[in-house]
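One structure is given here, and the rest of the page talks about it.
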């Protein structure tokens, strides 16, 4: 009987335990595996929960595209919530190259223009769709995916991630923007060394 009373008391205590509503990051402190320490609630303001992604990013670069992040480092109120966001801007012919987010699924919402987006499943099935403003597409966690401006005018989109730290690995950069030798890249991709050296030259790789 005493054991039952103890268990019921424990369950009652747990069900009424204090739950922290939010933990706005104190970016002056070191990040831990659990995130950043919290700013004391007394110092938190309503404006801490607002972040702007209204300004287009600079698309004057090799991919004619820009990603403006809204991660904890930029938007401290996301700390501990397990989500993050970003804005994509693609000039005409702009592209977000084939890449993966090891730590999160992604949802893309098209704001302006036309974007062709797609992903490749682990079974090598390809899913591609051209999206118009107001349409949404999801990219499952860890799968290779891409976005391309499919129109003749600038395109923009918002993305959200199911993690505060989704991670990012761009396939082209992983192969051609580092010191992995041309010989090894050729052996593992079946590309001609001449092509690999050209791509390394474009992306800043060596070897």
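Among the residues making up segment 174-196, those that are outside any loop (DSSP other than H, G, I, E, B), in contact with a helix residue (DSSP H, G or I) (Cβ under 6 Å, 6 or more places away or on another chain) and surrounded by fewer than 17 Cβ atoms within 10 Å (Cβ to Cβ) are 186, 193.
Only one of the numbered conditions (1) at pLDDT below 95; (2) closer than 22 Å to residue 24 by Cβ; (3) touching a helix residue (DSSP H, G or I) at 6+ places or on another chain (Cβ under 9 Å) is violated by residue 62, and that is (2).
Okay, residues lined up against (1) over 18 Å from the mean Cα position of the chain (by Cα); (2) buried (at least 16 other Cβ atoms within 10 Å of the Cβ); (3) modelled with pLDDT of 95 or more:
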position: 72; (1), (2), (3): no, yes, no
position: 101; (1), (2), (3): no, yes, yes
position: 105; (1), (2), (3): no, yes, yes
position: 125; (1), (2), (3): yes, no, yes
position: 132; (1), (2), (3): yes, no, yes
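Against the numbered list (1) in a loop (DSSP other than H, G, I, E, B); (2) in contact with a strand residue (DSSP E or B) (Cβ under 7 Å, 6 or more places away or on another chain), residue 81 comes up short only at (2). Across segment 197-207, which residue is farthest from residue 76 (Cα to Cα) among those that are surrounded by fewer than 18 Cβ atoms within 10 Å (Cβ to Cβ) and touching a residue at least 24 places away in the same chain (Cβ under 8 Å)? The residue in question is 207.
The values are calculated or read from the model by the stated rules, or taken from the named source; none is laboratory data. Because the structure is predicted, anything quoted here is derived from the model rather than measured. Neighbour counts are summed over all protein chains in view; Cβ atoms, including those assigned to glycine, are modelled from backbone coordinates with ideal geometry.
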